[in-house]
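To keep things clear, I will list the structure first and then write my remarks on it.
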Amino acid sequence: MLIIASSNGAIGIDQAMNALKNGGSALDAVETGIRLVEANPAEHSVGYNGYPNIVGELELDASIMDGRSLNTGAVALMRGFPYAISVARQVLERALPHVLLAGAGAERFAREIDAEQWEEMLTEEIQAVWRDRLEDVGARGLIARQADDGLELRDEAPLLDWVKLTTDPERVLGTVNFIAIDSAGDIASGVSTSGWAWKYPGRIGDSPIIGAGNYADNRIGACACTGMGEMAIRAGTARSLVLYLKTGLSLDAAARRAMEDLRDLAGDYIGGMNLIALDKDGGHIGLSSRAGGSYIFQTEDMDSFQEREREVVTIPMRWAGEART
Ligand code: ASP
């Protein structure tokens, strides 16, 4: 039994391992671990109290994949339900003919299955961070006006230039990744995120896109990503890594190849990428486009998780066409 996770999964990995030790499946472990991250108010890139989009709304994306069957469930742009991973799992479990529900439809589904709904998804502190960010960039006058009870946005507020007004995703990235192998040798992977802070309303990242930010196949292995989701969507990163493994490459070589595909992307907006991956025999790895990153792992005979440095495959970053360090 093995669990690997992005380092912000530390709050959930113990309980995820307990789920496995108590006979739970890899899917159970992934959901258990991610729920604890989603509920953590100190984690601002996942679930409750994540950074909102540019109009101050928290839109959550999540996906989960069952490596036994390649069945999957995902939700995107979901508001008001903190446990996006559990709603995603129900998309999988309820045997719908669909794999991805977004926006109002995802929320409707969440209500139908009685998913936990919270009235307030942001603390005052995070709402203040959002307001300050708008002020910092001088956007407040453009897209918002002061109402008695706080900021109110004009419906017709022009947001097309939002990307110049806010920030690049590198300063406000984050997502949680969990991948587990259970006692039966079955693999599952899960990803949950609030996406880029200050993203354009309706923007969907790689986390709920199977093959981009998440992929698991019992016969081969699994991969999950955090970083600039647009890149993982364009390169099909998680699926690419698993496919490279399938062709016979080692885990290390397959992971590097998937990162190199990202490095080869053209375009004006190229940011960072991080991935974790394992093979069906329990080998695991973490990679990042920047030095200093780590991921965590735990096997059934370990009392607590260990942290391991991610290997680096440098991807030169560009923002609005300009090179960035
Ligand atoms: N991959 C996420 C997204 O693009 C964000 C992140 O991992 O930081 O939505």
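The values are calculated or read from the model by the stated rules, or taken from the named source; none is laboratory data. All figures in this text were calculated on a predicted structure; none of them were measured in a lab. Don't worry about glycine lacking a Cβ; one is built from the backbone with ideal geometry, like all the others, and counts go over all protein chains shown. With ligands, DNA and RNA removed, areas are computed over all heavy atoms of the protein, side chains included. Shrake-Rupley method; radii C 1.70, N 1.55, O 1.52, S 1.80 Å.
Could you tell me whether segment 77-92 includes any residue that is at negative phi, in a helix (DSSP H, G or I), surrounded by fewer than 16 Cβ atoms within 10 Å (Cβ to Cβ) and free of Cβ contacts under 8 Å to residues at least 60 places away in the same chain?
Here is the first cut: in segment 77-92, the ones at negative phi are 78-79, 81-92.
Adding the requirement that they be in a helix (DSSP H, G or I) leaves 84-92.
Right, trim to surrounded by fewer than 16 Cβ atoms within 10 Å (Cβ to Cβ) and you get none.
The answer is no; no qualifying residue exists.
Report yes if D28 is away from the ligand (no atom under 16 Å from the Cβ), over 25 Å from R79 (Cα atoms) and open to solvent by 40 Å² or more (accessible area, probe 1.4 Å), otherwise no. Give the derivation first.
Numbers: away from the ligand (no atom under 16 Å from the Cβ): yes; over 25 Å from R79 (Cα atoms): no; open to solvent by 40 Å² or more (accessible area, probe 1.4 Å): yes.
No.
Per this entry, E300 is counted among residues that are in contact (Cβ under 8 Å) with a residue 24 or more places away in the chain and either farther than 19 Å from A29 by Cα or open to solvent by 60 Å² or more (accessible area, probe 1.4 Å) (or both). Would you be able to say whether some residue in segment 56-72 is open to solvent by 20 Å² or more (accessible area, probe 1.4 Å) and in a strand (DSSP E or B)? Yes, segment 56-72 contains at least one residue that is open to solvent by 20 Å² or more (accessible area, probe 1.4 Å) and in a strand (DSSP E or B).
Would you check if D281 is touching a strand residue (DSSP E or B) at 6+ places or on another chain (Cβ under 9 Å), open to solvent by 20 Å² or more (accessible area, probe 1.4 Å) and either more than 15 Å from the ligand (Cβ to nearest atom) or not in a loop (DSSP other than H, G, I, E, B) (or both)? When the stated conditions are applied, D281 passes them.
Residues are listed down the side, and each one gets a yes or a no for (1) at pLDDT below 95; (2) closer than 22 Å to G321 by Cα; (3) within 12 Å of the ligand (Cβ to nearest atom):
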| residue | (1), (2), (3) |
| --- | --- |
| R154 | yes, no, no |
| A157 | yes, no, no |
| T167 | yes, yes, no |
| R171 | yes, yes, yes |
| V176 | no, no, yes |
| I179 | no, no, no |
| A184 | no, no, no |
| A188 | no, no, no |
| S194 | no, no, yes |
